[in-house]
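Here's the structure we're looking at; comments come further down.
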Amino acid sequence: MEIQDYLKILKGRWVIIAITVLVAVLGALGVSLLTKPLYQSTAKMFVSATGGSTVGEAYQNNLFSQQRVASYSELVTGEALAERVLDVLPLDLTPTELADKVEANSTPDTVLFDITATDASPAIARDIANAMAAELVTQVRDLETPADGGTPAAGVKIVQLAGESGTPVSPKTLRNLAIGAGLGLLLGIAIAVLRDRLDNTVKDRRDIEAVFGKTQVGSIPFDKRRAEHPAIEFHDAGQSSSAEAFRELRTNLQFLAVDNPPRVVVVTSAIPSEGKSTTAVNLALALAEAGHHVALVEGDLRRPRISKYLGVLGSVGLSTVLAGQAELNDVMQPTKYEGLEVMASGQLPPNPSELLGSEASRTLMDQLRRRFDYVIVDGAPLLPVTDSAVLTTHTDGALIVTRHGHTKTQELDRAIKNLEAIGARVLGVVMAMTPTRKGDAYSYSYNYAADLDRPRVGIPPTPAPTPRTAVKKVPGKKWPETERKQPLRP
């Protein structure tokens, strides 16, 4: 991985990092608030050796005193001195517990050292430090006095008594928060990178083209409005990102094979909830917007959605024709969108795969091909059932819709192999619900419109092509052959 890959991971998963840092900071704050405050008091001691009238003797005594500092510091933390302190200072502690509250620190190359006591009460910490200092003076005098009662070789004095501290030494809240933030940041980055490495969902054009060898023919940005209004009003949408994405998909579909572009297309997905029905509806609308006569077929005979999205009658349609209970002319329903007719699913049959793979299904697709410029079929997902796979063999191919960051690579791979195993053609992959964050390498937006206030000079107007209007169904009417075989519009 290069540095750009790591930066992309941090940018794409900043929420994980932020949450981890927040949790770590809150944890550090909680620990600080729950920790009982501790106070410290310190008494300063001085070690001296007796004698030394000359300069040489004074120097030797000073070295002797420095050596005694380490020994006296060890006495401070011993249980013997703690027992002496407990005799004069009534505390509900054992000698071991009292010794754990005291520490001695010396300054190198000096005859000074500190006795520091720590306790939850600043007054008790002060009393312990001073009692330790006083008893140490007595203990050292007893230890350094010869057995015959002579002058002690060395002694220790109190230079400064301990005072009562007003500021706790623990917990250090700011330090704990800083440590928590630092650890949370490192942990968040590690989690983000690990999750990205373990994430096997399809998120990138490179995943589709390099791993599966298929072309990404469209990228549909996430638009929360599609949840309530799946069909885009192209005449109102203008240059919106969603409308432009489906126009680009329409163009790419037409140029998949310039001489013989696919006209009967199944729109399917590997698993449910990938956005295939919304893609099928808006692809059909984009084709109709370009002046084509388009049929939208509700080919999902298990969980149909097209009828609901476009507000057409769903009780008669594809299953009715395949069962031989109606003719094509009887089930095609016009819509409010010019150039678009819909064939609903009809009654849901118990055997959708058999119906869609039948010869009647192939004949119906041929009839739709002759009558319409484009036929868009919303098929069922490929992995749960085989409906779309067998139906695709009767068409020009399938567009597989995959949802950004949702479809797993193995799911898309199985879906493609299921189609190729029966000789069906995979036209390409459409990435749906892609993020539209600013600066994304594969997203853009623009607003390119004519300046109506500026007059055009020297450019004659070009007449717009006359779109083919949807033919309303008339009961009992037979479609003339000349009407069925009209040439395709560009």
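The values are calculated or read from the model by the stated rules, or taken from the named source; none is laboratory data. In this text, all values refer to a predicted model and were calculated from it rather than measured experimentally. All Cβ positions, even for glycine, are placed from backbone atoms using ideal geometry, and neighbour counts span all protein chains on display. What goes into the accessible areas is simple: the full protein's heavy atoms, side chains included, and nothing from ligands, DNA or RNA. Shrake-Rupley method; radii C 1.70, N 1.55, O 1.52, S 1.80 Å.
If a residue has to be over 20 Å from GLY166 (Cα atoms) and small (Gly, Ala, Ser) to count, how many in the stretch 111-130 make the cut?
Result for the stretch 111-130: 0.
Could we say that ALA470 is within 22 Å of GLU338 (Cβ to Cβ), modelled with pLDDT under 90, part of a loop (DSSP other than H, G, I, E, B) and of a type in the set (Gly, Ala, Ser) here?
yes
Scan the stretch 194-237 residue by residue and report those that are touching a residue at least 60 places away in the same chain (Cβ under 8 Å), part of a helix (DSSP H, G or I) and closer than 19 Å to ILE400 by Cα.
Hits for the stretch 194-237 are ARG205, ASP207, ILE208, VAL211.
Answer yes if at least one residue in the stretch 172-180 is charged (D, E, K, R), part of a loop (DSSP other than H, G, I, E, B) and over 35 Å from the mean Cα position of the chain (by Cα), and no otherwise.
no
Has the stretch 147-166 got any residue that is touching a residue at least 12 places away in the same chain (Cβ under 8 Å), open to solvent by 30 Å² or more (accessible area, probe 1.4 Å), of a type in the set (Ser, Thr, Tyr) and not in a loop (DSSP other than H, G, I, E, B)?
Looking for residues that are touching a residue at least 12 places away in the same chain (Cβ under 8 Å), open to solvent by 30 Å² or more (accessible area, probe 1.4 Å), of a type in the set (Ser, Thr, Tyr) and not in a loop (DSSP other than H, G, I, E, B), one finds none in the stretch 147-166, hence no.
Could you identify the single residue in GLY27, GLY56, GLY52 that is open to solvent by less than 70 Å² (accessible area, probe 1.4 Å) and either of a type in the set (Asp, Glu) or modelled with pLDDT of 90 or more (or both)? Even if it seems obvious, please write down each step before you answer.
Working: GLY56 fails: either of a type in the set (Asp, Glu) or modelled with pLDDT of 90 or more (or both); GLY52 fails: either of a type in the set (Asp, Glu) or modelled with pLDDT of 90 or more (or both).
Result: GLY27 is the single residue among GLY27, GLY56, GLY52 that is open to solvent by less than 70 Å² (accessible area, probe 1.4 Å) and either of a type in the set (Asp, Glu) or modelled with pLDDT of 90 or more (or both).
Would you be able to tell me the number of residues in the stretch 186-217 that are out of contact with any Lys or Arg (no Cβ under 7 Å at 6 or more places or on another chain), among the aliphatic types (A, V, I, L, M) and either open to solvent by less than 80 Å² (accessible area, probe 1.4 Å) or at pLDDT below 80 (or both)?
Count: 9.
Which numbered condition trips up ALA227, out of (1) over 30 Å from MET365 (Cβ atoms); (2) touching a Gly at 6+ places or on another chain (Cβ under 8 Å)?
(2)
Which of (1) in a loop (DSSP other than H, G, I, E, B); (2) aliphatic (A, V, I, L, M); (3) modelled with pLDDT of 75 or more does VAL258 not meet, given it meets every other one?
Evaluating VAL258 over (1) in a loop (DSSP other than H, G, I, E, B); (2) aliphatic (A, V, I, L, M); (3) modelled with pLDDT of 75 or more leaves (3) as the failure.
Considering each residue of the stretch 85-95, count those that are under 14 Å from ASP127 (Cα atoms), open to solvent by less than 70 Å² (accessible area, probe 1.4 Å) and assigned to a helix (DSSP H, G or I), and give that number.
Residues flagged as under 14 Å from ASP127 (Cα atoms), open to solvent by less than 70 Å² (accessible area, probe 1.4 Å) and assigned to a helix (DSSP H, G or I) within the stretch 85-95 amount to 2.
For GLU248, are the conditions met, namely being in a helix (DSSP H, G or I), open to solvent by 30 Å² or more (accessible area, probe 1.4 Å) and more than 25 Å from THR409 (Cα to Cα)?
Details: in a helix (DSSP H, G or I): yes; open to solvent by 30 Å² or more (accessible area, probe 1.4 Å): yes; more than 25 Å from THR409 (Cα to Cα): no.
Spelling it out, it is not the case that GLU248 is in a helix (DSSP H, G or I), open to solvent by 30 Å² or more (accessible area, probe 1.4 Å) and more than 25 Å from THR409 (Cα to Cα).
Take VAL281 and tell me if it is within 23 Å of THR386 (Cα to Cα), part of a helix (DSSP H, G or I), open to solvent by less than 40 Å² (accessible area, probe 1.4 Å) and among the aliphatic types (A, V, I, L, M).
yes
Give me a count of the residues in the stretch 96-136 that are surrounded by fewer than 16 Cβ atoms within 10 Å (Cβ to Cβ), aliphatic (A, V, I, L, M) and without any contact (Cβ under 8 Å) to a residue 60 or more places away in the chain.
Number satisfying all stated conditions: 1.
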